[in-house]
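Read through the structure below, which is laid out as structure tokens, and then see the notes.
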Amino acid sequence: MKKLLIFAVTLTFLGCSKTQSIQEYYVAKSEDPNFLVIDIPTSFLGINNEALNQEEQAALESFQKLNVLMFRKTAANEAQFPKELEKVREIIDGERFDPLMVLSDRQFSGKLLLEGGIERPDEIVFFGSAADEGFLLARLIGSNMQVEKAVLLAKALEREGALDNAVETIGKML
């Protein structure tokens, strides 16, 4: 019995990932003054539901919130920036996430990632960074999420100016 208990404890420790999760990273950075953490409920986007068709309304209902973490690079935190960028890249480049889309130019790079299957992702994550500005990590959180619904929702948000509404509302809060 004692050997079985030792085996179970050993297996538990070996099975634990040493890579920090995005959620753990968010929590660890929530008190750091160099980071801004914002939860944006979909209701905050100011979308007129009457302007959405049934399919777009169903897509909107499958997402509860957008969880955003931003690191704005300044002269005071310039030395911290590469370390934090490396930590985030280690998390998102791990085995948990599958890249869906990669964006890159001379000043900006970004990735759209999925955790879980393409049919039913557990999490949809966007990571973007600019060497002279900082980085942003955004998690789309919901239930019964689907990539197709996320694309449909993104188009509806763009059409309805919802992202501008959210930025304006957040700006008033800060």
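Please treat every number below as a calculation from the coordinates, not as lab data. For clarity, every value in this text was computed on a predicted model and none was experimentally measured. All Cβ positions, even for glycine, are placed from backbone atoms using ideal geometry, and neighbour counts span all protein chains on display.
Along the range 148-156 the Karplus relation, 6.51 cos²θ - 1.76 cosθ + 1.60 evaluated at θ = phi - 60°, assigns HN-Hα couplings of 4, 5, 5, 5, 4, 5, 4, 5, 5 Hz to successive residues, with x for each Gly and Pro.
Of Ser62, Ser104, Ser129, the sequence from fewest to most neighbouring Cβ atoms within 10 angstrom is Ser104, Ser62, Ser129. Each residue, Ser104 and Val27, gets one label point 7 Å from its Cα in the Cβ direction; the gap between the two is 3.3 nm.
Multiply the residue separation of Asn49 and Lys65 by 0.36 nm, subtract the distance between their alpha-carbon atoms, and state the gained length in nm to one decimal. Intermediate values should be presented prior to the final figure.
Working: separation 16, 0.36 × 16 = 5.76 nm, distance 1.63 nm.
Extra length available between Asn49 and Lys65 comes to 4.1 nm.
Under the definition of Cα pairs under 8 Å and six or more residues apart, what whole-number percent is the relative contact order of the range 20-173? This gives 26 percent for the range 20-173. Rounded to the nearest 20, the Cβ-based charge dipole of the range 47-131 about its Cα centre (Lys and Arg +1, Asp and Glu -1) stands at 540 debye. Spatially, the range 57-95 and the range 120-143 are offset by 5 Å when compared through their Cα centroids. The slack between Gln57 and Arg89, meaning 0.36 nm per residue of separation minus the straight C-alpha distance, is 8.2 nm.
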